[in-house]
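*Asks:* I'd like to ask some things about the structure below.
Here, each number is a calculation from the coordinates, and none is a lab measurement. The shown structure was predicted, so the numbers you read here are calculated from the model rather than taken from an experiment. So basically every Cβ, Gly included, is an ideal-geometry build from the backbone, and we count neighbours across all protein chains shown.
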């Protein structure tokens, strides 16, 4: 199973994580986040894809950030339209469209995005657009109507891996981890992440 570590911020911490070779490393470009990245990203091991996380940013802002940080994917956590996503795809940028899941979820919301993004991401509905550190009931996903691969996010810890591996019939592309592997916001526990890698 592929894995993504999101909310990376500290250069030394980024360098320490890189040898573990997560498939994706996420960097948050939303200024209201405690994990907001405002400095250059150190050179990463080849094969780690850089994901920029945005919330209702303008198309120009996303495009310029992608160019400045050499991002391979963007993860959109706001009210971005399918047309917005298409504009990014036309430039060769892979798009992850995030959706917040509560006790229920109307999967019809996904239909306009079927051809407008490369992946979905399902996170827990909370006060913030993401990074709330809590889980939603994964049973909701049994009604997932699409074949599009998705990232599973929201309060995932080491203790959840066996449960995730037991989920059948769903196109889970990767797990997205963040707060459960932190010493403080933006600073990851490399030992715990190494344990995660060994268990995947």
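*Asks:* Before rounding to the nearest 500, sum -39500 (n - 2.57) across all DSSP H runs of length at least 4 in the chain and divide by the residue total; then give [θ] at 222 nm in deg cm²/dmol. Please report the intermediate quantities before stating the final value.
*Replies:* On the way: 5 runs with 41 residues, N = 200.
It comes out at -5500 deg cm²/dmol, rounded to the nearest 500.
*Asks:* Give me the number: length gained by fully extending residue 39 to residue 142, i.e. 0.36 nm times residue separation minus the C-alpha to C-alpha distance, one decimal in nm.
*Replies:* 33.1 nm
*Asks:* Starting from the exponent 0.38 and prefactor 2.2 Å, build the expected Rg for the stretch 77-147 from its residue count and divide its actual Cα Rg by it. Walk me through the intermediate numbers first.
*Replies:* On the way: Rg = 12.6 Å, N = 71, 2.2 N^0.38 = 11.1 Å.
The reported ratio for this selection is 1.13.
*Asks:* With a bin width of 10 angstrom, please list the P(r) values of the stretch 40-99 as percents of all Cα-Cα pairs, from the 0 bin to the one holding the largest distance.
*Replies:* 22, 57, 19, 1
*Asks:* Evaluated at 20 °C with a viscosity of 1.002 mPa s, what Stokes-Einstein diffusion coefficient in µm²/s does the stretch 89-193 have when Rh comes from the Kirkwood expression over alpha-carbon pairs?
*Replies:* 146
*Asks:* Given all pairs of different Cα atoms, what value in angstroms does the Kirkwood hydrodynamic radius of the chain take?
*Replies:* It works out to 16.9 Å.
*Asks:* I would also like to ask the following. Based on the Cα coordinates of the stretch 22-132, what is the per residue volume of their convex hull in Å³?
*Replies:* It is 110 Å³ per residue.
*Asks:* Follow-up. Can you compute the label reach from residue 159? Point 7 Å from Cα along the Cβ direction, backbone N cut-off under 14 Å, restricted to the stretch 171-189.
*Replies:* Counting only backbone N, you get 180-181.
*Asks:* I need the semi-axes of the equivalent ellipsoid of the stretch 90-129: take the C-alpha gyration tensor, multiply each eigenvalue by 5, square-root it, list largest first in whole angstrom.
*Replies:* Output for the stretch 90-129: semi-axes of 22, 13, 6 Å.
*Asks:* Could you list the residues of the stretch 75-98 with an amide nitrogen less than 13 Å from a label point located 7 Å from the Cα of residue 56 in the Cα-to-C-beta direction?
*Replies:* Taking a point 7 Å out along Cα→Cβ of residue 56, the residues of the stretch 75-98 whose backbone N falls under 13 Å are 77-81.
*Asks:* Cut-off is 10 Å between beta-carbons; in what order do 15, 35 appear when sorted fewest neighbours first?
*Replies:* 15, 35
*Asks:* Simple spin-label model, 7 Å along Cα-to-Cβ: residue 166 to residue 197 in nm?
*Replies:* Result: 2.8 nm between the two label points.
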